[in-house]
Every structure is written in structure tokens, then in C-alpha cells.
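The values are calculated or read from the model by the stated rules, or taken from the named source; none is laboratory data. As the structure is a computational prediction, the values presented were derived from the model and not from experiment. Cβ placement follows ideal geometry from the backbone for every residue including glycine, while neighbour counts extend to all protein chains displayed.
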Amino acid sequence: MANRGQGRTGGTRTAGGQRRREVDNQGIMPVLARAVREVETAVQRGRGASASHRFQAIALLVREERQRVKGDASIVEPERAELMKRLDGVATILAKTAAREPALFDLLADDAVESDEARLMKREMQEAAGVELSPPPAPAETEADPRAERRVVPQSVIARQLANPFMPPDFTAPPAAPTTARLSTWELIGPLLSSFERVASGAPACMDLPDPGSLATPGGIELMKHQAEVVAAAREGHRTFLLADEPGLGKTAQALLAAHAADAYPLLVVVPNVVKANWAREAELWTPRRKATVIHGDGNDIDGFADIVIVNYEVLDRHVGWLGDLGFRGVVLDEAHFIKNKQSQRSQHVLQIAERVRRRVARPLMMALTGTPLINDIDDFRAIWQFLGWIEEKKPRTELMAGLEETGLTPLDPGFYPAARQRVIDLGIVRRRKVDVASDIPDRRVADLPVELEGEDARSIHAAERDLIRRLVQRYDAAAAALAQRRGEDAAALGVDETLVRDVAAWVRDETAADDAENVFTMMRRIGRAKAGLAADYAAQLARSVGKVVFFAKHVDVMDIAEETFAQRGLKYTSVRGNQTSTQRQANIDSFVDDPEVAVIVCSLTAAGVGLNLQVASNLVLAELSWTDAEQTQAIDRVHRIGQDEPVTAWRIIASQTIDTSIVELIDRKAGLAARALDGLDEEVSSADLQLETLVALLTDALGARA
């Protein structure tokens with residue numbers, strides 16, 4: 001580390017422009033600047049989970065570099081000020097990025113555990129910057145797989161393992177292998193997924209469920225019939241469930257009671273951070289004789305002997321080692337669509353734990369809970385099916401393969417697809433709609449409320465949109481001219497080439513992300529800020545006329561503006577944000593539910609869009625558009641759920657004469673994915689990239705207007 005300072009800033013210490021160029025272009029600063037922009041772009045494109053380790057590595061390096069710059073006496077003051085300014089710039093981008101992906105806030109905490117992946121990325125960035133590093137540990141000291149065993153093992157867990165070093169024997173026989181290998185050479189995962197896209201209208205996805213008989217529970221609360229059916233299936237021996245009931249139909253209770261019926265203890269429950277406390281409450285309510293414990297941080301205060309262990313996705317990497325070895329007989333994955341990206345670390349950790357549980361227990365209870373299993377693409381099923389043990393990476397597992405063999409069909413036969421879909425459903429897909437099983441739940445509707453933006457913000461947004469459209473048209477004209485020249489045709493004779501339109505939209509999307517130019521994401525954020533006050537004003541009017549209101553927004557600055565507006569209007573409010581502790585979040589929710597004076601709860605779509613029960617209100621305001629219909633549906637179903645006795649209205653605030661109007665049409669068009677694949681409704685499936693489709697729509701409209 002002798003040349004650490006020189007490696008970071010580089011070069012000789014001369015004055016003026018030469019020194020400034022060296023500070024700009026050498027050492028750690030350009031590496032940090034490049035890396036933080038990559039993370040920012042990944043989060044903007046919805047891939048925040050995959051960038052979490054790089055995000056942490058950058059945060060750690062910024063923290064270390066601050067200390068070095070402050071304490072290095074060889075750095076002259078002007079240079080020190082310049083370096084600190086640039087470090088502040090990187091830190092600002094990190095903070096803004098975390099505001100888009102609130103789970104990243106945990107990685108900024110002083111006590112955040114440095115993951116192995118972050119440590120490796122940090123070292124790579126230091127090497128790229130020319131920093132002299134001490135040699136890595138000798139191979140004998142290095143773990144073969146840094147994710148196989150984590151260094152965090154709570155003392156109470158060690159005590160449990162010492163008290164019970166051997167698991168009780170499991171004599172349950174695994175499924176027998178198929179008697180033939182007729183399909184062994186076929187690629188089957190693609191056709192299985194396709195079978196859910198090809199479904200005919202009127203074919204809902206729900207396995208046959210037994211008559212439950214009794215609706216009583218250990219907690220003395222009577223279940224609804226649809227809930228008791230799943231519990232009865234678990235009692236009769238069924239052990240894998242994709243519980244995809246529409247949000248608000250009580251999936252938490254069904255999972256807890258299914259575990260009780262199957263005696264699947266100890267039970268592991270993996271959940272989003274925002275609902276950890278709620279799961280503990282629900283466990284006490286439905287299975288009061290079963291002790292539940294919640295893992296926070298390193299888990300130093302958990303009860304290692306508890307029957308139910310609740311952990312959130314964000315800290316799973318710290319505990320993945322001992323969680324795989326504790327001897328769980330059941331795993332519940334709440335909001336299972338969180339693992340749809342199989343490349344993300346949290347998905348890999350979940351799949352690793354599931355596989356280790358299956359190695360110890362022949363037929364564990366495995367339950368994936370999600371009201372929105374399909375977000376963008378039918379491929380979202382892959383990770384969930386793998387978690388449940390239905391498929392491996394590239395082929396069906398034994399039980400599903402046996403079922404496919406029994407059909408006597410291959411993917412070349414038209415009858416294969418409905419038969420294959422049914423075989424998958426029989427493994428444990430359970431999908432019920434509110435309209436079918438809870439007819440007493442009042443209707444809900446989404447009402448669009450157009451607003452006109454005014455002032456400098458409006459002028460700036462309209463100008464930015466015109467510039468983006470101009471850029472699209474210029475790129476299209478240049479590409480069309482080149483294409484026409486190659487073909488020997490007149491460019492005007494091409495008309496509007498749809499393939500070229502999509503190509504140009506993709507080019508501009510990638511260019512704007514790479515050069516930090518105005519793009520759809522940044523424009524939507526600006527529009528959100530511009531209409532925040534108008535949305536809050538409308539929410540305030542609703543609160544005064546109809547009672548409690550839930551206010552949803554995507555970005556922290558929009559939430560800030562809304563809260564300022566409510567304070568100015570003399571309305572008492574509370575909030576649910578991603579950077580709150582579980583205790584603070586639950587206290588705020590209880591305040592909204594129980595205190596008649598609290599008129600509004602301001603919620604982050606990311607932090608509060610899942611798992612919460614806010615049915616004390618029947619009106620909600622969607623101040624910003626979601627990027628998926630699933631996210632919007634999840635937010636609405638915080639209010640529209642079992643126990644609601646009033647019709648629910650979601651007021652969607654739309655900025656007129658902006659790309660808001662194009663995006664809301666695209667979102668609504670994409671809403672048919674789950675409806676077709678799971679509910680058997682005859683609606684078109686779309687897996688479009690929403691940003692790309694927005695640019696396609698803008699360019700198509702612009703070309704059509706000049707035709």
C-alpha cells in the first residue's frame with residue numbers, strides 16, 4: 001500500500017490545468033464516476049437487485065476515499081476541495097439511486113455487512129484505478145464458494161444446532177422416476193411456458209382442491225371456504241403450492257395454516273422488508289402456539305428455537321449459510337415475483353436454500369405466494385417453478401416429467417399444450433379471483449384524472465419532450481435514407497417502416513441511458529414532481545369529503561411535496577417509506593388505521609405496495625404511474641381486500657399533453673398477461689419493454705402527424 005495516494009490521484013503535483021486533467025482522468029475518481037452511472041442506469045431500468053453489490057462497493061470506496069483525502073497532508077487544499085466535491089457528487093447519485101430502489105438504503109448504513117461480491121467488486125475497482133493492494137488470502141484461507149457459508153450465524157442458532165445436532169429421519173420416499181424416457185431428448189421448458197400463453201379463453205389455472213369441511217383454526221378464527229381448501233390440501237399431503245390468489249384474499253393466513261396442517265416446522269418465511277412485522281403478527285393471530293422470530297440485520301436478537309423464522313430478502317445473503325442447514329421442513333416465499341430475475345443475488349440465494357432444504361427433507365412444504373406472478377413476461381414463471389422443485393435449470397424434475405410422459409404427447413402434437421399446462425397446474429397452482437370467491441367484496445374502479453401542468457416546470461417538460469421526439473425523428477430520417485440508398489429506392493416511398501421505428505427507438509433508448517441525456521425515465525420523474533402538488537391537493541379534497549385516503553408515489557421528492565401540501569392544508573398525515581425501520585413503519589400504519597385524526601397515509605409504491613392492509617380507506621390516489629400494471633394492482637389491493645365494505649376508487653393522476661397519456665395506455669394494454677395465463681381470459685399477452693414501447697409510440701405519432 002506504499003503508493004496508495006499516488007495510485008488514487010496519479011501523476012506529479014504540478015499546478016493549473018495539467019493537474020486538473022490528472023485529477024479528472026486518473027486514479028479512483030473516474031472509476032467511481034463510471035461505476036455509479038452504471039448502477040444508476042441499472043436501477044432506472046428496473047435491475048436494482050442485480051446492481052446491489054456494485055452499489056455497496058462504490059459506497060464503501062467513497063467512504064474510504066473521503067477519509068484518505070481528509071487525512072492526506074500531501075494534498076494541497078484546492079485539490080482536496082476538488083476531490084471532496086467530486087466525491088460528494090458520487091454520493092449524491094448513490095442517494096438518488098437508493099431513493100428509486102429503497103432496499104439499497106440498507107447498504108448505506110454504517111453497520112451494513114460487506115458482502116463477498118461487494119468486496120470482490122471493490123477490489124476490482126481499486127485495481128482498475130492503479131491502487132496497490134495487499135495480496136489476497138492464500139487459497140487455503142479462501143472459501144470455495146463465498147455464498148455457501150456466511151460469516152453471520154446468530155448465537156441462538158448455534159445453541160439450537162448443538163442441542164439438536166441430528167435431524168429426525170425422513171422416511172418419505174421421493175417420487176419415482178418416469179418409467180419411459182420418451183421425452184428425454186426434448187427441450188420442454190419453453191413449451192411448458194408457452195402452454196400458459198396458448199391457453200384458450202375460459203380455462204382458469206387452479207388445481208382441484210378438496211372440500212375443507214371445518215373452517216376452524218388454531219387461533220379460533222373462522223376461515224373463508226377458499227382459504228380452508230388450501231389448508232385441507234396440505235393436510236391431505238399436497239406439498240407444493242404456487243398460491244397466486246388475487247391480492248387481498250388472505251394468502252398469509254393460508255400459508256401459515258397450511259404449514260400447521262402439514263406440521264412443516266421449523267418453517268422459514270422469506271418476505272419483503274416492509275411486511276416482516278406483519279407476518280409476525282399474523283403468525284401470532286393464526287397459529288398462536290407456534291413461536292415466530294424475525295431476523296433483523298445480523299439476527300443477534302432472534303430466538304433460534306422458534307418454530308417460524310421470518311427473514312427479508314434484503315439480508316438473506318448474510319444468513320444463507322445457516323438457513324440452509326437448520327433443518328426447515330417448509331419454506332414460504334412471500335411476494336414470490338421478487339425472484340423473477342434469476343441472475344439477481346436474492347434469487348440465487350432463495351433457490352440455493354430451497355435446494356438444500358430438499359436435500360434434507362424428501363417432501364418439504366414449499367409455498368410461493370404472489371398475487372402477480374407475471375409482471376412482464378411468461379418467463380417470470382421460471383424461478384418460481386424452480387423454487388417449488390417443479391423444474392431444474394433446463395428440464396422438468398421427476399414428478400412433472402412423469403406427468404408429461406403419461407400424456408403420450410410431444411410438443412409437436414397440438415394437444416400437448418393444454419395437457420402440459422394442466423400437469424403444471426396439478427402440481428399446485430392455486431388461482432382464485434375476488435369476484436369468484438368473495439362476492440361480498442365491493443367493486444373497485446380506476447378513474448383517470450387529467451391535470452394540466454403549468455408554469456416553468458410545464459414549459460421545461462414540454463420542451464424536453466419535443467427535443468426527444470426531434471431526436472427520434474432525426475435518427476429515423478437518417479436511418480430511412482441509408483436504407484433507401486441501399487435498396488436503390490426513394491426514402492419517401494418507404495412510408496413508416498415499423499421495423500425501422502422499433503430499431504430507432506431502441507437506439508435512442510440505449511443512447512440516452514449511456515450519455516445521461518433526457519430519457520423516458522427522467523421525464524416521468526420530472527412529470528411526477530410537476531403534478532405532485534396537484535395530486536396532493538386532490539387527495540386533501542377527498543380526505544375532507546370522504547374520509548381517509550391512501551396516497552401512492554414512486555419517488556421520495558414527490559412524497560416530500562405531498563406531505564408539505566398536507567401540512568399546509570392542516571391535514572394530519574403519516575407515511576410509509578423505504579428507509580424507515582420496521583418498528584417505525586408499523587407504528588405509522590397503526591396510526592393511520594387507528595387514529596381518526598390521521599387523514600392521509602403517504603406511501604412509497606416500492607415500500608408499501610405489497611403486504612399491507614389499509615382497508616380503513618376506500619379511496620387512494622396514484623400520484624405517479626407505475627411501470628407495470630402489476631405494481632399498480634398491488635397498490636390498489638392494499639385497500640381492496642377481504643373486510644372492505646365500501647366500493648374502492650383508485651384516482652390515477654395523468655398529466656395531460658405529456659407522455660403520461662401514452663404510458664398509461666401502454667400499462668393498460670399490458671394488463672392482460674396474468675389474466676390470460678392464469679385466469680383464462682381472452683386478452684392479449686404482451687411482454688414489451690415499456691420504455692421502448694413509449695419511444696415507439698412517440699415516434700409513430702410524430703411520423704404519422706407529418707404524413
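For residue 437, which of the numbered conditions (1) in contact with a strand residue (DSSP E or B) (Cβ under 6 Å, 6 or more places away or on another chain); (2) within 30 Å of residue 645 (Cα to Cα) fails to hold?
(1)
Only one of these conditions is not met by residue 675: (1) touching a helix residue (DSSP H, G or I) at 6+ places or on another chain (Cβ under 6 Å); (2) surrounded by 17 or more Cβ atoms within 10 Å (Cβ to Cβ); (3) at pLDDT below 70; (4) aliphatic (A, V, I, L, M). Which number is it?
Tallying (1) touching a helix residue (DSSP H, G or I) at 6+ places or on another chain (Cβ under 6 Å); (2) surrounded by 17 or more Cβ atoms within 10 Å (Cβ to Cβ); (3) at pLDDT below 70; (4) aliphatic (A, V, I, L, M), residue 675 fails exactly one: (1).
This table checks each residue for (1) among the polar types (S, T, N, Q); (2) in a loop (DSSP other than H, G, I, E, B); (3) more than 19 Å from residue 373 (Cα to Cα).
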site: 205; (1), (2), (3): no, yes, no
site: 217; (1), (2), (3): yes, yes, yes
site: 246; (1), (2), (3): no, yes, no
site: 256; (1), (2), (3): no, no, yes
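Let's see how each residue does on (1) under 30 Å from residue 691 (Cα atoms); (2) touching a Pro at 6+ places or on another chain (Cβ under 7 Å); (3) crowded, with 18+ Cβ neighbours inside 10 Å:
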residue	(1), (2), (3)
407	no, no, no
423	no, no, yes
432	no, no, yes
454	yes, no, no
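Pairs under 8 Å by beta carbon, first residue in the same structural domain as residue 51 (by TED's automatic domain parsing) in the stretch 117-130, partner surrounded by fewer than 20 Cβ atoms within 10 Å (Cβ to Cβ) and hydrophobic (A, V, I, L, M, F, W, C), six or more apart or different chains?
118/60; 122/60; 123/133; 126/133; 127/133
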